[in-house]
Amino acid sequence: MNFVMKLSKEETLRIVKFYRDYASDSKNESVLFFAKTEFVSVTVYSSNKVMFQGVDALAEYKMWVAMLNYTDDKPIKKPSTIVNREIVQDYFLESIGSDEVGTGDFFGPVTVCAAYLDYRNLEFVKGLGIDDSKKLTDEKILVIGEQLVDRITFSLLTLHNDKFNDLTEKGYNLNKLKAYLHNKAILNLLEKLNTEPPVIMDQFAAKDLYFSYLTDEKNVYRDVIFKTKGESKHASIAIASIIARYAFLKHFDKMCVDSGYSLLKGASKEVDLLTANIIKDKGESFLRKYAKINFKTLDKAKIILNKL
């Protein structure tokens, strides 16, 4: 199904800039720019019309409608699939969602966000097409995240690497740290609100185990609903996930500048090799500020280092 927007030259250039890494050639002389990702193709015509096609065409169209404040007299075409109204309403439930990112990345901090989906922001959020935030590229996270932090009430906590390393060396495991951060983010957010909506967390541990991690805390918020793969079930969790990832990416870019290395996300053989080279150049202690040194990545890097 196709979705078309008629834009100004400035708006068209903004779209071109966003998709330039996916640019492809087009034999159509009236096409100024063509890009194709795994889920959508974007065609920009000389008339400044932009057409979205593909599996995610509607979501992509809605995202740009929201970001450009675009209006059109024609109603948005809806896909032929039948949508269960109860599921849709539940997905956009007015609630606090809480999620974390960075736990699987050797480099970079652990970032937790609790975000409040207010009924006043429902239409705005629906327009962003964030029903599966795990599919969003980092480039799109940076664009949508910037929109969300301006509109959504949230609490964001960042556990920087040096502090993370100090705590894990004292015996704190990752799940205990995440439980503390989630609890604190939720309490911080509730202090900003004059209401107490449902609180839904993307589940990383069984309910009893989660609360056992918080036995030493004086103030624990207990009315929490736990959902596995929560970002695909509740928009509030998807929003929290995007804002957390947005903050993580911003911090990650700063770390690359500060460290002088093009750091890599995740944990992989490429990360192992990069780590080995950093140790060779700067020494192992240099990593404490930029990496989670309890990861097996460090041991693998040392093995590689012995072969360099």
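Computing FRET efficiency as 1/(1 + (r/R0)^6) for residue 31 and residue 122, where r is the C-beta to C-beta distance and R0 is 41 Å, gives about 0.70. Could you work out how far helix 296-307 tilts from the main Cα principal axis of the chain, as a 0 to 90 degree angle to the nearest 10? Rounded to the nearest ten degrees, it is 80.
Checking the cross-link pairs 250/307; 62/292; 27/62; 176/250; 17/176; 17/302 against a 31 Å limit on the alpha carbon distance flags 250/307; 62/292; 17/176; 17/302 as lying beyond it. With 5 Å bins beginning at zero, the pair-distance distribution over Cα atoms of the stretch 3-68 amounts to 4, 19, 32, 29, 13, 2, 0 %. Straight-line cross-link partners of residue 227 among the lysines, defined as a Cα under 17 Å from its Cα and at least 8 positions apart when in the same chain: 134, 178, 207.
With the helix formula -39500 (n - 2.57) applied to DSSP H stretches of n ≥ 4, the chain reaches a computed 222 nm mean residue ellipticity of -14000 deg cm²/dmol. Expressed in units of 2.2 N^0.38 Å, where N is the residue count, the Cα radius of gyration of the stretch 87-255 is 0.98. When the chain is treated as a Gaussian network with alpha carbon springs shorter than 10 Å, the biggest mean-square fluctuation among 269, 140, 227 belongs to 269. Calculated translational diffusion coefficient of the chain (10 °C, 1.306 mPa s; Stokes-Einstein with Kirkwood radius over alpha-carbon pairs) equals 74 µm²/s.
Each listed q (0.10, 0.15, 0.24 Å⁻¹) maps to a log10 I(q)/I(0) for the stretch 210-308, found by the Debye formula over equal Cα scatterers with no solvent: -0.45, -0.82, -1.16.
For the pair residue 289 and residue 169, label points projected 7 Å from Cα toward Cβ lie 1.6 nm apart. In the elastic network of the chain, a GNM with C-alpha springs shorter than 10 Å, the most mobile of 127, 260, 108 is 260.
Once backbone amide H atoms are built at 1.01 Å from N, residue 225 has 199, 200, 201 as its partners under 5 Å, excluding neighbours fewer than 5 places away on the same chain. For the peptides 18-28, 114-124, the ranking by mean Cβ contacts within 10 Å, running from highest to lowest, is 114-124, 18-28.
Read-outs: derived from the displayed coordinates by stated rules, not from any lab. Keep in mind the model is a prediction, meaning the values are calculated, not measured. With ideal geometry, Cβ positions are generated from the backbone for all residues, glycine too; neighbour counts draw on all protein chains shown.
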